[in-house]
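The values are calculated or read from the model by the stated rules, or taken from the named source; none is laboratory data. The model shown is predicted, which means the values in this text are computed figures rather than measured ones. As a convention, Cβ positions derive from the backbone with ideal geometry for all residues, glycine included, and neighbour counts pool all protein chains shown. Ligands, DNA and RNA are excluded from the accessible area calculation, which covers all protein heavy atoms including side chains. Shrake-Rupley method; radii C 1.70, N 1.55, O 1.52, S 1.80 Å.
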Amino acid sequence: MDTISIRKFLYGIGAVEDLQGEVLIVNGKPIVSELDKNRNPVWTETWDRKLIFLVSAPVQNWKKIKIDRPVANRKEFEAIVFEYAQKEGLDVENGFPFRVKLIVKEIQAHIAYLRPETAQNFSPHGKKADDFPIDLENEPVRIIGFAGKTAGGRFAMPAMPGREASSLHMHFISLDFSRSGHVEDLKIEAIWQLCYRIKTSELLLTRKSYLGKNAI
């Protein structure tokens, strides 16, 4: 991460080398989510990590959109994100960043973790069993995400047996920056704010292969 030259106004999400954690960059500030030797979550502000991949974009100005629609699950949330992105003329095929300000009714999230034996015989079920779960209720958070119809396998989960490729990847951060993680599902009941970048800038995408065809 310390090779990133553009940090001012930078937003990004990714995963730590060997799938041993998550990374979130919020306005140039990095937050790394990991587990210690006792499998307790640890959040650290540092650029000193190697990553499997990072998708990022510098965004100086955000357009704020008030959304007065409840969200029952991730699928509904994703539909709204793409609906408004198309209205804003964003590149919904190749990808765009977004930001959300809200009080979530529920969030199911995790910190990625992969045991060596799971890495040798990878499966989505095995990975999910290794991940550290995080559940929130009725809590104000921020979400940073990237979405795109061709995102699956690039910066979101690729297609796997029994599951379509994902078009969206997002992480949450608590208001005090004390907790963060990869969002799996969410439920929203209150009015929330969806933000897109105002000026189009090139989407920066870097990726290193992980376990060959089993890249995450």
ask   = Taking the Cβ of LEU114 as the center, what net charge do the other residues with Cβ under 9 Å away carry, scoring Lys and Arg +1 and Asp and Glu -1?
value = -1
ask   = GLY21: net charge of surrounding residues, Cβ under 14 Å, Lys/Arg +1, Asp/Glu -1, itself excluded?
value = -2
inquiry  = As a test of reading the structure, rank ASP18, ASP131, ASP36 by solvent-accessible area (1.4 Å probe, protein chains only), most first.
reply    = ASP18, ASP36, ASP131
task = Would you count, across the range 76-192, every pair of lysines whose alpha carbons are under 20 angstrom apart, provided the pair is eight or more residues apart or spans two chains?
result = 4
query = Given that just one value was derived from the coordinates, which of (1) 8, 31, 27, 18, 11, 4, 0; (2) 8, 33, 34, 17, 7, 1, 0; (3) 8, 36, 40, 15, 1 is P(r) over Cα pairs in 10 Å bins from 0, in percent?
reply = (3)
query = Taking a probe of 1.4 Å, how large is the accessible area per residue of the chain, in Å²?
reply = 50 Å²
ask   = For the range 133-172, what is the relative contact order in percent, using Cα pairs closer than 8 Å and at least 6 residues apart in sequence?
value = 41 percent
inquiry  = Run through the range 130-201 and list the GluC sites (Glu not before Pro) located in a DSSP loop whose Cβ has at most 12 other Cβ atoms within 10 Å.
reply    = GLU164
query = Once you put a point 7 Å from the Cα of LEU175 and another 7 Å from the Cα of GLU88, both along the Cβ direction, what distance in nm separates them?
reply = 2.3 nm
remark   = Helix 74-87: inclination vs the chain longest Cα principal axis, degrees, rounded to 10, gives 50 degrees
